[in-house]
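Structure, as structure tokens:
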Amino acid sequence: MKKTPLLLIFCAFILHGCILDTKYDAEPFDGLVLPRVTGYQSGVTHDWLYFNLRTGEVFNRKAPNQEIREGEQLSRLDWDLAFCGYHMRTNGGTSGPGKGAAADLGRVKFGDVKSRSDLPEDLKWVSDDDTSVRIAYSQRDWFGKMAREGVDINDNPWFDPNSGIQTTLTSANPVLDTAIILSGPPITYTPSFHTYVIRTADGRSFFKLQIVNWYDSSAQIGDTGGRISYYLDPLP
């Protein structure tokens, strides 16, 4: 009797497994995705994408610093939440003149928080500060800074394999900075899957937020990071 080589059996097994995998259908992502990649990857360090949660208006949708330039947010009440990479701002504290803030509900199910009545009475609201959060320099901005200061970039590289990309302090919300955990090397971005509550600039509206992915969950695996996928709903 002719024997089937073990290698052929192994290959057939792997092929069969691949065919079975193609039949698997994951649940489609039904949340939201940022309209573009934000942060240092755009070539701008302070690349903030601003949202007015009360009206649905988006500022800097197409490019950094178009409708709201860095610094102008400090005198505007027409935005509530902003993204730069995986960092976020609310319109309050050091980031804006409003009453905005954020609170962390922990790892509660996003769907279980249906209204303000579901929020704990002792919920701790945290406003933005400018001493807790660091954002990555864009390569262009870092080289420009080194040139202005007369520093040799060979001695102060933009990227170091041990410490990563050069960073600078910014005004942002320290509670929301725990929504994605940065670790490495190698650099990884891991969502905490906590549910957060956002208080808007007028202090009267509330939204629940959960960050799902550093990547666009509706795009191919390996898509450019920074185009965050998330859930966001109002709390009546």
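The values are calculated or read from the model by the stated rules, or taken from the named source; none is laboratory data. In this text, all values refer to a predicted model and were calculated from it rather than measured experimentally. Because the Cβ atoms are built from the backbone with ideal geometry, glycine has one as well, and the counts that use them run over all protein chains shown. Side chains are part of the model used for accessible areas, which takes the heavy atoms of the whole protein and leaves out ligands, DNA and RNA. Shrake-Rupley method; radii C 1.70, N 1.55, O 1.52, S 1.80 Å.
Some observations on this one:
- Of all residues in segment 41-56, none satisfies being at pLDDT below 95, within 19 Å of Tyr196 (Cα to Cα), open to solvent by less than 50 Å² (accessible area, probe 1.4 Å) and out of contact with any helix residue (DSSP H, G or I) (no Cβ under 6 Å at 6 or more places or on another chain).
- Selection from segment 169-193 of residues that are among the aliphatic types (A, V, I, L, M) and either open to solvent by 60 Å² or more (accessible area, probe 1.4 Å) or more than 14 Å from Gly85 (Cβ to Cβ) (or both): Leu169, Val175, Ile181, Leu182, Ile187
- Residue that is at pLDDT below 95 and acidic (Asp, Glu), where the choices are Asp160, Asp104: Asp160
- Flag set for Glu27, criterion: surrounded by fewer than 20 Cβ atoms within 10 Å (Cβ to Cβ), within 28 Å of Ile198 (Cα to Cα), modelled with pLDDT under 85 and out of contact with any Phe, Trp or Tyr (no Cβ under 8 Å at 6 or more places or on another chain).
- Annotation: Asp130 fulfils all but one of (1) among the acidic types (Asp, Glu); (2) within 13 Å of Met88 (Cα to Cα); (3) surrounded by 13 or more Cβ atoms within 10 Å (Cβ to Cβ); the unmet one is (3).
- Meets criteria (open to solvent by 60 Å² or more (accessible area, probe 1.4 Å) and out of contact with any Cys (no Cβ under 7 Å at 6 or more places or on another chain)) for Asp118: yes
Each row is one residue, and each column tells you yes or no for (1) part of a helix (DSSP H, G or I); (2) among the charged types (D, E, K, R); (3) in contact with a helix residue (DSSP H, G or I) (Cβ under 7 Å, 6 or more places away or on another chain); (4) crowded, with 18+ Cβ neighbours inside 10 Å.
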site: Met88; (1), (2), (3), (4): no, no, yes, yes
site: Asp122; (1), (2), (3), (4): no, yes, no, no
site: Arg140; (1), (2), (3), (4): yes, yes, no, no
site: Phe143; (1), (2), (3), (4): yes, no, no, no
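- Matching residues, segment 145-181, being assigned to a loop (DSSP other than H, G, I, E, B) and either in contact with a Pro (Cβ under 6 Å, 6 or more places away or on another chain) or touching a residue at least 60 places away in the same chain (Cβ under 8 Å) (or both): Asn173, Val175, Ala179
- Summed over segment 62-86, the residues that are assigned to a loop (DSSP other than H, G, I, E, B), open to solvent by 50 Å² or more (accessible area, probe 1.4 Å) and without any contact (Cβ under 8 Å) to a residue 40 or more places away in the chain give a count of 6.
- Per-region count, segment 186-221, residues part of a loop (DSSP other than H, G, I, E, B) and at pLDDT below 90: 10
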